[in-house]
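Take a look at the structure set out below.
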Amino acid sequence: MAKILLVDDERSVKWALQQILAADGHTVETANSGEEGLLKAREQAFELVISDLRMPGISGLEMIRELKKRQPSLRTIICSAYGSMESVVEAMRLGVNDFLVKPFKMALMKEAVSQILVAGDTEMGPSLRALELEEELAESPARPARSPGPAAGAPEFLPPPALPCACAGAEDERGGAAPGEGVFFDVVEAGGPQVILFGSSPLLGPCAGALSCLIRGALRNQILRDPRPRPALLALNEMLWKFCHPRPSVSLFYGLLSPQEEVLRYLLIGDRVRGALRRPEAGPEPLAAETSPVLGLFPGLMLTERTVQVSQGDRLVLLGTARVEFPVSPPGVEESFMPQLLPETNWLDPRELARQVQKIAAERTNTQTLSELTVTVIELSPSPPAEAHREVRFSSAEQNLRTVLSELGRLGQQAQIPTDLMHDLTTALVEAVNNAQTHAYPEEGEITVKMTLSNRELILEVIDEGVGFDLQSYHPPDLNGYEGLTTDHGRSIYLIQQLMDRTLIETRPGRGTIVHMAKGLGTPPS
Amino acid sequence: MSIEIRETESFTALDLQEDLISSPSHPEELRKVLEGLLQAPAGPPHVLINFSRIQMVNVHSWGVIARYAREFRHRHRDIKLVGLNARLQAHFAQLLHLSEVLETYATEEEALANLAPPVSRVERNILWKKSP
């Protein structure tokens, strides 16, 4: 478990992060500004610093620059709602290990933290400085054997938060099936639509990590502005061309999945990534690749978005390798390769699919086994719109609590929520409502309860416009003995956190409070 | 009324009739009953709280029970909990760590077998004055 410094001027974000990281066993210190962060880091050593980009006073990047002077091996994550391509590049130049765009899912941050901490002590974080120095590797068409150790590809695979998918490499010489180095994958929610990234470059080690981190960070920023494939990849191409030396030659699949329209808009560039759609009861459908060879070599590209209809049950299969001599790249081979491959393969298992590709590639091209191949299978299950939404607005009165509970009961019946789970949900909701009634308003005030059911997850939100509170003064109750329980302090929040899967509290003194709670409902009884 | 009260020679049983969650006034109602029993000049020394009819308890009510368990113990009396379902038992023991300070039993008979030996009211008052 690590000692982590959390620097952010937004208290609710800082508080939520502190809670989830502490729950994972980390020791977490917080600071409200870059200046305070520098002071704390002078007093004690940290293994990881997570910082907001923009804060009053010195920025997160300026603070990290100072910290890195003293502790070059310090691992860092920048998160921001306002990042530009330039700030992402600057962060990577400083050796920042990851760049997350707000709002992010807590699970994404947890996974980023755990992957960065798991990377060995020798791994100093992906750095554009390293990328700029690795001329030999980038110029070399052949790829040396995979470098050993867990750090090699560590920051490249963040868990996709939105779509069911699996990703694996073919079995390597050590019997493992880790995704190949130099290949990266990400799924980003773009306010309804979801963006799927799957890419590859011939770079290795810290360079590969730096490049994938840069691309993911830059695209996450771009997606906030315009998630359409063409503008996003033109912006990415320009950035890579402008900032990366030597030219990184990136192959990339970028797909924008629109759940409402059931459409996948995509661009597939470069010869190290290939893709196909597999529909139930139908043959494979290779995805069309752009004629533009790769991203990052020239400032301008002619790109044409492709569109394909998708529906529930379709699967997107993406194959990637950092090897330049990907055996499906010659056009003649590719056309016959995909149909041959796709009908006979177990589509649920990316590892099995990777093995099949290896086998066919070896037969067809007489090359050695593709030990670096990575395969991702993504279920294109466009998220259905919320199945149910209820909203109850009331002033504090006993009768209204009963109304809220009966609405929750109806939702529970509709979603066939098991009784025990229903009791947990009711308990958590009542705790939040009681908190709002007891603490938000000196007299009486309005409370809104929202209940949303979507994708077998129930979201409960309790909103008041009352006095709010200072999250910094919140401490979990002392449960050694029963002293903590006999006082009012923090008991409800503690219980809510224990009962729900995710909890986030937004509050500021004088500006009200929102308690967001989410609980997965599992599969409905048959 | 969400609490029914029964008296025997050695204990008062509080049969909870309604989930301690469906009304904001429930914890206060429970507090008043326990305070009344604590201050009563006569009556059985111990209290059993019977949860067998309820499914949900809010944290405020748990806090009231924990607080009065301490008060009763200071006076050499006892509160024991009976009939918690598995889910409430999990909240009680694992989430709130209350099993370190309060005992729970499946039935009243089991709880009775583990009650402290009766202490006369006069003796009890003397002990109370001596306790810190």
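The values are calculated or read from the model by the stated rules, or taken from the named source; none is laboratory data. Given the structure is predicted, the values throughout are model-derived calculations rather than measurements. Every residue, glycine among them, receives a Cβ derived from its backbone with ideal geometry; neighbour counts consider all protein chains shown.
Against the condition farther than 16 Å from B:LEU30 by Cα, of a type in the set (S, T, N, Q) and in contact (Cβ under 8 Å) with a residue 12 or more places away in the chain, how does B:ASN85 come out, does it pass? So B:ASN85 passes the test.
Checking A:ILE514, A:ILE447, A:ILE493 one by one, the residue that is modelled with pLDDT of 75 or more, under 24 Å from A:LEU401 (Cβ atoms) and away from every other protein chain (no Cβ under 14 Å) is A:ILE514 and no other. Within the stretch A:1-29, restricting attention to residues that are at pLDDT below 90 and among the polar types (S, T, N, Q), the residue that is nearest to A:LEU504 (Cα to Cα) is A:SER12.
Counting only residues that are assigned to a loop (DSSP other than H, G, I, E, B) and either more than 19 Å from A:ALA22 (Cα to Cα) or at pLDDT below 80 (or both), the stretch A:496-511 holds 4 of them. Among strands (runs of 3 or more DSSP E) entirely within the stretch A:154-245, having at least 3 residues that are modelled with pLDDT of 80 or more singles out A:194-200. Being at pLDDT 85 or above and either closer than 18 Å to A:LEU495 by Cα or surrounded by 14 or more Cβ atoms within 10 Å (Cβ to Cβ) (or both) is the filter here; which residues of the stretch B:103-118 pass it? Selection gives B:GLU103, B:THR104, B:TYR105, B:GLU108, B:ALA111, B:LEU112. The residues in the stretch B:1-46 that are over 29 Å from A:LEU408 (Cα atoms) and among the small types (Gly, Ala, Ser) can be counted, and the count is 6. Scanning the stretch B:70-97 for residues that are within 12 Å of chain A (Cβ to nearest Cβ) and either hydroxyl-bearing (Ser, Thr, Tyr) or within 14 Å of B:THR12 (Cβ to Cβ) (or both) yields one hit, B:ILE79.
Exactly one condition in (1) surrounded by 17 or more Cβ atoms within 10 Å (Cβ to Cβ); (2) modelled with pLDDT of 85 or more is false for A:SER406; which is it? Only one criterion is unmet by A:SER406, namely (1). Please tell me if A:LEU61 is under 16 Å from A:ILE116 (Cβ atoms) and buried (at least 18 other Cβ atoms within 10 Å of the Cβ). Taking the combined requirement at face value, the residue does not satisfy it.
If you go through the stretch B:14-40 and keep only what is free of Cβ contacts under 8 Å to residues at least 12 places away in the same chain and over 21 Å from A:GLU431 (Cβ atoms), you end up with B:LYS32, B:GLY36, B:GLN39, B:ALA40.
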